[in-house]
Amino acid sequence: MREFVRRAAGEGLKAPGAGHTQGMTSSDVTTEPAPYGDGKRNARPSRGRLKVLGIGAAVLVLLFADSRIALLPGLDDLFGEDTHDRSGPAVLKSIQDMSAYEAASGNFQVVVDLEEDAKFLPDAVRGTRTLFVGAGTVGASVDLGKVTGNGVVVNEDRTTADLRLPHAVLGEPALDPDRSYAVSKQRGLLDRLGDLFSDNPGSEQAVNKLAAQHISEAAKESELTARAEKNTAAMLKGLLGSLGFERVTVRYGDDPE
């Protein structure tokens, strides 16, 4: 019996493959290094690609933030703006004595379409186009201070008076900020980025000057000066008539007798 057990134990130790498996340790297991071009390594995005995506996202925000934020209800109240007037008091710089009689004033309105393009670049990249409505007034006046000594002739009875006045002239156009506004303003990508570093972004000085120029040209083609001369003559006749003059004649410039 003992001999049988001893033989059985001896055969179990000599079983093929069994003894080798039980004697294997962790040091016997070898692992091969992963190849350099592993799929997981290639799937990771590079830093340069992330920067490009970030710049593209910022550009999209700049292009569509202004127009899209108004479509979301409730954001106006959440991101509302408070206006504080921190201006100092107005300072009087000078006083000018006026001798002109402003006898007529015209109200004008003009639509300015100003487009500024860059050579060899599309409008989406560089260029601006502004649609602006300019409203203002132009006055016409007669300078009574320029009447010469022989420009006023009165008879001895002080019943008739002959006046010779200079022609009426137009004043500078004055834009009304309450009635002038920008309808739309399109800007290229580079112009939008430049406004971020500008001290006066979105300036409308160019369209204001152009609107004033068009209004001034329209006033010259109108009958504003003729109306001013007619009103001035009516004013002087009424004034001198109240002082006892029976006949008052008003002429302008080199008009014939």
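The values are calculated or read from the model by the stated rules, or taken from the named source; none is laboratory data. Just so we're clear, the structure is a prediction, and the values are computed from it rather than from any experiment. Using ideal geometry, Cβ is built from the backbone for each residue, glycine included, and neighbour counts are taken over all protein chains shown. Just the protein is used for accessible areas: all its heavy atoms, side chains included, with ligands, DNA and RNA removed. Shrake-Rupley method; radii C 1.70, N 1.55, O 1.52, S 1.80 Å.
Of the residues in the range 241-255, at least one is within 30 Å of Val152 (Cα to Cα) and at pLDDT below 80. Answer yes or no: is there a residue in the range 91-109 that is modelled with pLDDT under 65 and open to solvent by 80 Å² or more (accessible area, probe 1.4 Å). No, the range 91-109 contains no residue that is modelled with pLDDT under 65 and open to solvent by 80 Å² or more (accessible area, probe 1.4 Å).
Scanning the range 204-229 for residues that are surrounded by 16 or more Cβ atoms within 10 Å (Cβ to Cβ) and not small (Gly, Ala, Ser) returns Glu204, Val207, Asn208, Leu210, His214, Ile215, Leu224, Thr225, Arg227, Glu229. Quick check, is Val147 at pLDDT 95 or above and either touching a Gly at 6+ places or on another chain (Cβ under 7 Å) or surrounded by 12 or more Cβ atoms within 10 Å (Cβ to Cβ) (or both)? No. With respect to (1) part of a helix (DSSP H, G or I); (2) at pLDDT 70 or above, the lone exception for Phe64 is condition (2).
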